[in-house]
Ligand code: C2E
Ligand code: MG
Ligand code: MG
Ligand code: MG
């Protein structure tokens with residue numbers, strides 16, 4: 001019986017492997033031409049001041065609508081683009097497009113662009129950033145670059161040199177998905193981040209100030225504030241979560257509660273309106289911490 005079951009597994013396992021590999025190959029070749037075929041676009045998610053509920057900026061998030069498959073998640077195709085070394089070309093397009101579109105927003109509204117750790121290794125990156133700013137006319141102070149703890153896994157000297165070159169341009173630097181990666185806190189002391197983004201995994205479902213997640217968020221906010229860095233709570237979906245991160249002193253909030261990623265025209269309209277407050281969200285505003 002065991003033998004039969006083993007055979008059964010074997011028989012069903014192999015075709016699946018082939019199918020997965022075939023799917024992956026198809027996606028790879030489609031990804032190579034997606035940019036030139038105009039299948040990529042950027043969606044912008046509002047970043048909101050937690051107390052005033054005013055929009056302070058937007059995060060640019062890449063979108064790929066595959067002609068047959070429909071939308072493909074960046075969480076799925078960015079790693080493939082990194083492996084295929086398509087990420088530099090894709091990343092350059094994201095930077096140029098985000099800067100060009102943000103240049104048409106109100107002058108106090110910033111744009112945040114995600115950088116892959118692979119892009120971060122390219123010595124051309126500071127040049128590409130300067131080009132994107134020069135071509136769009138966007139002031140460097142309105143561009144924020146988001147990096148993850150992943151960049152600190154590679155050669156230390158190179159990373160700190162790169163961060164220095166980017167900061168010299170006058171852009172802002174944010175640490176994305178804080179608390180989820182390779183977390184040695186030592187780099188926080190060495191890297192001049194302007195902002196720390198607290199990952200959604202800490203925020204999701206958190207409403208009780210006595211909970212473990214609240215304790216972690218409180219510690220992260222305290223650390224950031226001592227280091228003169230701002231904090232953004234990522235992925236806030238409910239009023240309870242908003243109330244908690246506001247009470248814990250997060251200065252900025254991003255999440256479905258204030259807006260999902262939206263097309264450029266919609267982002268520009270929201271920026272012009274200024275407030276992201278929901279009509280029914282007259283939450284009691286307490287003093288932070
Ligand atoms: P991220 O930079 O941490 O972006 C936040 C992700 O959380 C986005 O997913 C956003 O749509 C989603 N999100 C925001 N608020 C909420 C919420 O309230 N609830 C839930 N459930 N989700 C929320 P998205 O757009 O699918 O992007 C996933 C990841 O892909 C990003 O995580 C980022 O790491 C990467 N990515 C996206 N665009 C780019 C890009 O242009 N370049 C690079 N290198 N990576 C990108
Ligand atoms: Mg991000
Ligand atoms: Mg994030
Ligand atoms: Mg995240």
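Kindly check whether there is at least one residue in segment 37-54 that is surrounded by fewer than 14 Cβ atoms within 10 Å (Cβ to Cβ), at pLDDT below 95 and more than 30 Å from residue 248 (Cα to Cα). Within segment 37-54 (the criterion being surrounded by fewer than 14 Cβ atoms within 10 Å (Cβ to Cβ), at pLDDT below 95 and more than 30 Å from residue 248 (Cα to Cα)), the answer is no, since none of the residues qualifies.
Of the candidates 81, 75, the single residue that is within 16 Å of ligand 4 (Cβ to nearest atom) and free of Cβ contacts under 8 Å to residues at least 60 places away in the same chain is 75.
Residues of segment 219-243 that are without any contact (Cβ under 8 Å) to a residue 60 or more places away in the chain, more than 10 Å from ligand 1 (Cβ to nearest atom), surrounded by 15 or more Cβ atoms within 10 Å (Cβ to Cβ) and more than 23 Å from residue 167 (Cβ to Cβ): 243 alone.
Restricting the first member to segment 144-168 and to residues that are without any contact (Cβ under 8 Å) to a residue 12 or more places away in the chain and more than 17 Å from residue 124 (Cα to Cα), and the second to residues that are within 16 Å of ligand 1 (Cβ to nearest atom) and not in a helix (DSSP H, G or I), no beta-carbon pair is closer than 6 Å while six or more apart or on different chains.
Restricting attention to segment 113-127, the residues that are assigned to a helix (DSSP H, G or I) and within 16 Å of ligand 2 (Cβ to nearest atom) total 4. The residues of segment 195-212 that are assigned to a helix (DSSP H, G or I) and over 12 Å from residue 245 (Cα atoms), listed by number, are 201, 212. In segment 134-144 there is at least one residue that is part of a strand (DSSP E or B) and surrounded by 15 or more Cβ atoms within 10 Å (Cβ to Cβ).
The values are calculated or read from the model by the stated rules, or taken from the named source; none is laboratory data. As the structure is a computational prediction, the values presented were derived from the model and not from experiment. Positions of Cβ are backbone-derived with ideal geometry, glycine not excepted, and every protein chain shown enters the neighbour counts.
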